[in-house]
2 protein chains.
Amino acid sequence: MARAARMKIDAVDFFYLSMPKVTTDADGSQDALLVRVQAGRHIGWGECEASPLTCIASYVCPMSHGACRPVGESVLGQPLNEPRDIARIRASVWFNCMDLLQAPHTFSGIEITLWDALGKMLDEPVYRLLGYKSAAPKLAYASQLFGDTPQETETKARSARQAGFRAVKFGWVKYGHCTAAEDEAHVEAARAGMGQDANVMIDAGQIFAQDVAAAAERIPALERYNALWLEEPFLPDALAAYGALAGLSPKVKIAGGEGCHSSPMALNLIDFGKVGFVQIDTGRIGGIGPAKEVADLAVATGVTFVNHTFTSHLALSASLQPYAGLTDHRIAEYPFAPRKVALDLTSNHIMPDNDGLIRLPEAPGLGMSVNTAALEPYLQDVEIVVAGRRLFRSGSLPV
Amino acid sequence: MARAARMKIDAVDFFYLSMPKVTTDADGSQDALLVRVQAGRHIGWGECEASPLTCIASYVCPMSHGACRPVGESVLGQPLNEPRDIARIRASVWFNCMDLLQAPHTFSGIEITLWDALGKMLDEPVYRLLGYKSAAPKLAYASQLFGDTPQETETKARSARQAGFRAVKFGWVKYGHCTAAEDEAHVEAARAGMGQDANVMIDAGQIFAQDVAAAAERIPALERYNALWLEEPFLPDALAAYGALAGLSPKVKIAGGEGCHSSPMALNLIDFGKVGFVQIDTGRIGGIGPAKEVADLAVATGVTFVNHTFTSHLALSASLQPYAGLTDHRIAEYPFAPRKVALDLTSNHIMPDNDGLIRLPEAPGLGMSVNTAALEPYLQDVEIVVAGRRLFRSGSLPV
């Protein structure tokens, strides 16, 4: 493992990519905030799973006071030579950006670039820098939106099965807006399309807010069709509601965590929300380091860690690293039908094999090649000027 | 109570105000994001306690997907005729901005303008629209930063006492960075300066992160000098740490909550963090409506509600309304030495009387007059352009 010369963070660049048309679908793959870090001759890539313009603003915003500084101030110029450099930068962002709510979303993408760059610098996959000896294969679940009708949901499930998936998750659209019986028809359709031997999960997308009774009404149907989990029934902070629902079914566990923007938030969901699956998006929780902390907590508390990923394969690699070595935490979210910008973001992809298993690339860093040549058509120019000073102007993609 | 013609929200404007020089002091009064709403001929004012540029970006950002839309989309054009209109807009922001982390900070200032405008429309102070018959006087505590030395802290306490305050809170600077003995010298100095009959509170500014032992080491000194509370020892989400510390002293209670950006977060601090005082900033939690929910929860659970305010008297009025009628929740944070921009923001001020008591203005809405004529020198021009479209350009202050 060759140690390079002492490196520091020389540049952080943001590239706001978007489909030409963004719809109100609950489909997070319609745009992306791609982040690039440069440390000496080393380059790292990452992605924020967040509002691109708002993240950029929080990176460059003028300081409001000591605990509300721009994210960039805690990153640029910092040493980057070993994993604890990343932890130190993260601690500094936490303290300096305490009152800047967007900061964890913004820093997530940056933190991922740091691991990618460090992995390339040290010639190691990120999961090894995290202390795992090897990356276990994960059972990919095809993550998608419900159909508009149960027939459409069944067709979607059938295609996922035909594409080799042994697990599927349906979510959003009208679930929770209709009667429990109408919702049940979709769950039945998902099971019918996937077959009896597959995993079926349901994502409620926070629709019940804090209403335990409304969520509880859906549990019997989930038990009948043997759903593995009910995901995000409530607001991410509604811990008491989570805890109350969790005790109701011996068969169907509650999943949640994609809204966590810190590792203590995820710990609360485990401790007080009693979730059975904790789902972490490295593009939101503050990056790979805090996600690894949650994976450690999951192991310690007997809860199953799952990635949350609905976007690119760069994000997918970043979200799989924190639990790569945990063989008992086997299921993984896989974006089944992302928009073109998300697929075009990388030139290599993490593809399920015939058994529906996915494997992390055995390559330095995140092991993904960002396909800059393909991204030009998606690039959105951004310019931010405050008090006559141009704080941000987007650059062109490197060739 | 005259009901005006059916109104809708015609315009929302942001004015980014700042001192010419912003320092790294933990003093949130150095800039302000002033918000104005227009509904027919009615005008309302409010303030976000947040990063101005980041809030503006989140108001105008292009949609990323159905659950990550710009805050503005859920506000403009909506009816505004009665309190439940505000609750409906809030629910819509929650759902449409689920994945836009900054949204609660941004919406806080907007929500406050809606109550101010509605109060003026219905010719009622906001606290009456919230269901309180009258506004009880509150005991103002002079909120300020520790001195650099214990002597300086004592001098600061003495001036607060001489200015008529019967309660004081010191925070930040080196507290928690030094040894427990050095910290104790400051607490002793604060007590010496204020006298035995005054309330003294200490604000740790999250310095112990999740380290219960480090916080616990400070408790005996707080007991010795009869501190009323220890504030924000930990990260806002470190509920287990809060809960562990809360049981340690029968005399010194734990306070927290300024970091809450939703009412469920505050409920968690009460339920699981076992705080004795829940401190809510209407400029962060989503506005006056969610703060009132927390006040109701505080009453129901036997916890004391306190405002969090470190900025202007517009923010002070907004933060006092949610618990105005609760006579048993008597203590109130009062910005003792804010920067000039915060004082200049309004032409009237909420001043403590000879007993250190403050009273809300008995006037429609928030009862505060924004001093637009004085604010021109502080105004920061902002321009945001994405993909050739100018999404935001700041206007001039109305005369």
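Rule-based calculations on the coordinates, nothing more; no lab input. None of the values given here were measured: they were computed from a predicted structure. For neighbour counting, all protein chains shown are included, and Cβ atoms are generated from backbone atoms with ideal geometry for every residue, glycine included.
What is the calculated FRET efficiency for B:GLU223 to B:ASN371, with r their C-beta to C-beta distance and R₀ = 41 Å, to the nearest 0.05? Before the final figure, lay out the partial values.
On the way: r = 44 Å, r/R0 = 1.08.
Approximately 0.40, to the nearest 0.05.
Pairing the Cα long axis of helix B:150-162 with the longest principal axis of chain B, what angle in degrees results, from 0 to 90 and rounded to the nearest 10?
60
Residue by residue through A:47-53, how many Cβ atoms from other chains fall within 10 Å of the Cβ on average?
6
Taking each residue in A:380-392, count the Cβ atoms of any other chain within 10 Å of its Cβ, then average. What number comes out?
Whole-number average of other-chain Cβ neighbours for A:380-392 is 5.
Please list, in chain and number order, the residues 5+ apart from A:ARG284 or on another chain whose amide H is under 5 Å from its amide H, with Hs placed from the backbone.
Long-range HN contacts for A:ARG284: A:GLU49.
Can you give the FRET efficiency for B:ALA11 and B:ALA363, using 1/(1 + (r/R0)^6), R0 = 35 Å, r = Cβ-Cβ distance, to the nearest 0.05?
Using R0 = 35 Å, I get an efficiency of 0.90.
Based solely on its DSSP helices, what 222 nm [θ] is calculated for the protein assembly as shown when runs of n ≥ 4 H residues each add -39,500 (n - 2.57) and the sum is averaged over all residues, nearest 500 deg cm²/dmol? Walk me through the numbers on the way to the answer.
Details: 28 runs with 268 residues, N = 798.
Using -39500 (n - 2.57) per qualifying helix, the result is -9500 deg cm²/dmol.
Given points 7 Å out from each Cα along the Cα-Cβ axis, report the B:VAL299 to B:GLU188 separation in nanometres with one decimal.
With each label point 7 Å from Cα toward Cβ, the separation is 4.4 nm.
Go through segment B:66-82 residue by residue and turn each phi into a ³J(HN,Hα) via Karplus (6.51, -1.76, 1.60, θ = phi - 60°); whole Hz please, and just put x for glycine and proline.
x, 9, 9, 9, x, 4, x, 4, 8, 10, 4, x, 6, x, 9, 9, 7
Residue by residue, what Karplus-based ³J(HN,Hα) values in Hz, rounded to whole numbers, does segment A:28-42 have, using 6.51, -1.76 and 1.60 with θ = phi - 60° and x for Gly and Pro?
x, 8, 7, 9, 7, 10, 7, 10, 10, 10, 10, 10, x, 8, 9
Label chain A by shape, choosing from rounded, prolate and oblate, from the square roots a ≥ b ≥ c of the eigenvalues of the Cα gyration tensor; if a/c is under 1.5 it is rounded, and otherwise prolate applies when a/b is larger than b/c, oblate when it is not.
prolate
Pick from A:GLU376, A:GLU154, A:GLU47: which residue has the top mean-square fluctuation in a GNM of chain A where Cα pairs under 10 Å get a spring?
Residue with maximal mean-square fluctuation among A:GLU376, A:GLU154, A:GLU47: A:GLU376.
Residue by residue through segment A:253-263, what is 3J(HN,Hα) from phi via Karplus (6.51 cos²θ - 1.76 cosθ + 1.60, θ = phi - 60°)? Round to whole Hz and write x for glycine and proline.
Calculated HN-Hα couplings, in order: 8, 9, 10, x, x, 5, x, 5, 10, 7, 5 Hz.
List the residues, sorted by chain then number, that are 5 or more residues from B:PHE336 or on another chain and whose placed amide H is less than 5 Å from its amide H.
B:SER143
Cα gyration tensor of segment A:77-142, axes a ≥ b ≥ c as square roots of the eigenvalues: rounded (a/c below 1.5), prolate (a/b > b/c) or oblate?
The shape class here is oblate.
What's the lysine pair count for chain A at a Cα cut-off below 19 Å, pairs eight or more apart or interchain?
Close lysine pairs under the 19 Å cut-off: 13.
Could you tell me the center-to-center distance, by alpha carbons, between segment B:226-261 and segment B:306-378 in angstrom?
If you average the Cα positions of each part, the centres end up 26 Å apart.
What FRET efficiency comes out for the pair B:LYS133/B:ASP25, r = Cβ-Cβ distance, R0 = 45 Å, nearest 0.05?
In this case the efficiency is close to 0.65.
Could you tell me how many degrees, from 0 to 90 and to the nearest 10, lie between the Cα long axis of helix B:83-96 and the main elongation axis, the longest principal axis, of the Cα atoms of chain B?
On a 0 to 90 degree scale, this one is about 90.
When only Cα pairs under 8 Å and 6 or more residues apart are kept, what is the percent relative contact order across chain B?
19
Report, in debye and to the nearest 20, how large the dipole of segment B:302-399 comes out about its Cα centre when Lys and Arg carry +1 and Asp and Glu carry -1 on their Cβ.
Approximately 380 debye in magnitude.
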